[in-house]
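One structure is given below, encoded as structure tokens.
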Amino acid sequence: MLSPKKKISKKEIKQDPLISFYDQSVSFYYENKKTIGYALTALAVLVVGIIIYTNNQRTNNAKAAAELGKVFPIYDAGENDTRQYKVAVEGAADRGIMGLRAIVDNYGSTEAGELARFYLASAYYNLGQYDDALKQYESFSNGSDLLKSSADAGIGRCYEAKQDLGKAATYFEKAAGVSKNSPMTPEYLNSAARCYGLSGEKEKAVTLLKRLKKDYPTSTFARDADRYISQFSA
């Protein structure tokens, strides 16, 4: 025969963990209702702020890319006429072209704005404004290994132009270490070796030249490596 079901006492109901947790949660909510409301409001404001910021970043990145597209042909023309680098930096208001400096000032936090910073640094370098170039190269931030190494090499070139050969060599070597597969790595190794050698650190120069010969035997820079090894070993 089935025994009668045992009645659950109020005391046992209160002791049930799930019910107890529910009671505590409800109690906590009503005791902290105002604080929770503020927290949820703050969270909502934060989410909306992130959405607005993301949309603004997309819009600003598109604007920066459009402006960079307009000024780049002027920058590119600087290879044959260095005066064009100045126009690229300052822009041409009469033609509705924003200069690289203005693009960086207005959109520097965007991806296209950072690319404009790289070209601004390079333009300054080509104009002989090495301190301005250094400032922009050092501020440059990008996920591309090729551009990272190019920026480090740019810093190296600036220091070399300022006759600080030890620092120049350090940055050229850093540029060479970013990516072994970059087509520019042999040149960076050669530049680092040259600067080390001229600054008196001949052992470092020889070490890098041997690495250049071993890792990039078919590069144009490797062909002259033995001559420089002999020169720095004398």
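The values are calculated or read from the model by the stated rules, or taken from the named source; none is laboratory data. Small disclaimer: the values here were computed from a predicted structure and weren't measured. Because the Cβ atoms are built from the backbone with ideal geometry, glycine has one as well, and the counts that use them run over all protein chains shown.
Here is a yes/no grid of residues against (1) charged (D, E, K, R); (2) outside the structural domain of SER233 (by TED's automatic domain parsing); (3) assigned to a helix (DSSP H, G or I):
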position: LYS148; (1), (2), (3): yes, no, yes
position: ALA151; (1), (2), (3): no, no, yes
position: GLY156; (1), (2), (3): no, no, yes
position: PHE172; (1), (2), (3): no, no, yes
position: LYS180; (1), (2), (3): yes, no, no
position: PRO183; (1), (2), (3): no, no, no
position: GLU187; (1), (2), (3): yes, no, yes
position: ALA192; (1), (2), (3): no, no, yes
position: CYS195; (1), (2), (3): no, no, yes
Among the candidates LYS202, LYS210, residue that is of a type outside the set (Gly, Ala, Ser) and in contact (Cβ under 8 Å) with a residue 24 or more places away in the chain: LYS202
Test: residue in the range 42-58 that is buried (at least 16 other Cβ atoms within 10 Å of the Cβ) and at pLDDT below 95: no
Keeping to the range 197-211, report how many residues are among the small types (Gly, Ala, Ser) and not in a helix (DSSP H, G or I). 2
Given the conditions (1) touching a Gly at 6+ places or on another chain (Cβ under 6 Å); (2) surrounded by fewer than 19 Cβ atoms within 10 Å (Cβ to Cβ), every one holds for ALA168 apart from (2)
With the condition kept exactly as written, say whether any residue in the range 76-96 is under 22 Å from the mean Cα position of the chain (by Cα), crowded, with 20+ Cβ neighbours inside 10 Å, in the same structural domain as TYR119 (by TED's automatic domain parsing) and not in a helix (DSSP H, G or I). no
Please list, ordered by first then second residue, the pairs with beta carbon atoms under 6 Å, 6 or more apart or interchain, first in the range 98-125 and at negative phi, second among the aromatic types (Phe, Trp, Tyr) and at pLDDT below 95. LEU100/TYR119; GLY113/TYR107; ARG117/PHE140; PHE118/PHE140; TYR119/TYR75
Considering only residues of the range 129-146 that are free of Cβ contacts under 8 Å to residues at least 24 places away in the same chain and outside any helix (DSSP H, G or I), which is surrounded by the fewest Cβ atoms within 10 Å (Cβ to Cβ)? GLY143
Might you let me know whether the range 135-147 holds any residue that is hydrophobic (A, V, I, L, M, F, W, C) and modelled with pLDDT of 95 or more? no
